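Shown next, in structure tokens, is the structure this report addresses.
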Amino acid sequence: LPPKHKHKFISNPNNQIEPFPNYYFDQGYPAATGSGFIINEGKQVVTNKHVIEGAYKIFVRNGFGELRYATIEKISEYDDLALLTLDTPYNPDYSITIPESYNLKTGQSALIMGYPLVSHLGESSPSFTQGVVSKITGFFDDPGTFQLTSKLNKGNSGGPVFSDRGELIGVAVQKINTTLLIEHDGYIIEDVNIAIQVDRVKRFLQSSEPSKKYDRLDLPDLYELRLPSVVMVLNILEKEEVVEKTEEDEINEAIK
């Protein structure tokens, strides 16, 4: 039999977690967070377009606690995708390969890594949720996205979706707003979350990397393998201009 491919696990350097700059505390800048993943020999990060909208400064930090400053390289015209370039590259071994082609199947494992709800759950390391691909198209049968049952929360946006072999199969992007749905239609849809197809990511990046074959992994091993590759994205937003209001302005607003 041919020898099986062995995953290259990267030992955790036990770094102290590098803190994000306190722009939003010290200088009054608002901030938003999301997730992403490292590509291109450690030089760039993929995330969602909506994660970095309105950015004044962008920082990313991976699962080993290594902080980098990032700038926007390009934004997709068609999909909710953005490419960031790092001021200092990460270790090339952290880079995730974009498959040349991937045959997504309903029922296969779909594993999400990212940084949801960091203000409540913490930001020291990415979370990991398990589910399946429930449909290979998205809302209204959109062929550029797919549905999955893996739990998705605010902050997961832009994070990678993996197969149980550690292959990138998509990018987490959105979930149904259950509050609005129950107000409008009177019922709740459960376990419907949406990711962007990896073929759309490949088209956006114009990637031509060869596909790699991996063996199925136990989930703890898969998490360990991808830990240094998944990043939290901190978007420091532009300051909102504070307009001094007169007493007459306040009265008029109250009347309206």
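The values are calculated or read from the model by the stated rules, or taken from the named source; none is laboratory data. Keep in mind that this is a model prediction, so the values were computed, not measured. Cβ atoms come from the backbone with ideal geometry, glycine included; neighbour counts cover every protein chain shown. For the accessible areas, the whole protein counts, side chains as well, though only heavy atoms, and no ligand, DNA or RNA atoms are used. Shrake-Rupley method; radii C 1.70, N 1.55, O 1.52, S 1.80 Å.
Summary table
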{"item": "Accessible area of L205 in the full protein assembly, 1.4 Å probe (Å², nearest 10)", "result": "30"}
{"item": "Cβ-derived FRET efficiency at R0 45 Å, S124 paired with E100, nearest 0.05", "result": "0.85"}
{"item": "Euclidean distance between Cα centres, region 96-114 to region 127-152, Å", "result": "10"}
{"item": "Residue-by-residue Karplus 3J(HN,Hα) for region 29-42, coefficients 6.51, -1.76, 1.60, Hz, glycine and proline x", "result": "7, x, 8, 9, 10, x, 10, x, 8, 8, 9, 6, 6, x"}
{"item": "Region 63-109 - convex hull of alpha carbons, volume per residue in Å³", "result": "155"}
{"item": "Amide H partners (placed H, <5 Å) of K151, local residues excluded", "result": "Q130"}
{"item": "Label-point separation, K151 to S134 (7 Å along Cα→Cβ), nm", "result": "1.5"}
{"item": "Above-threshold pairs, the threshold being 20 Å between Cα atoms, out of K154/K175; K57/K175; K151/K175", "result": "K57/K175"}
{"item": "Interatomic Cα distance distribution for region 17-115, bins of 10 angstrom, percent", "result": "13, 43, 32, 10, 2"}
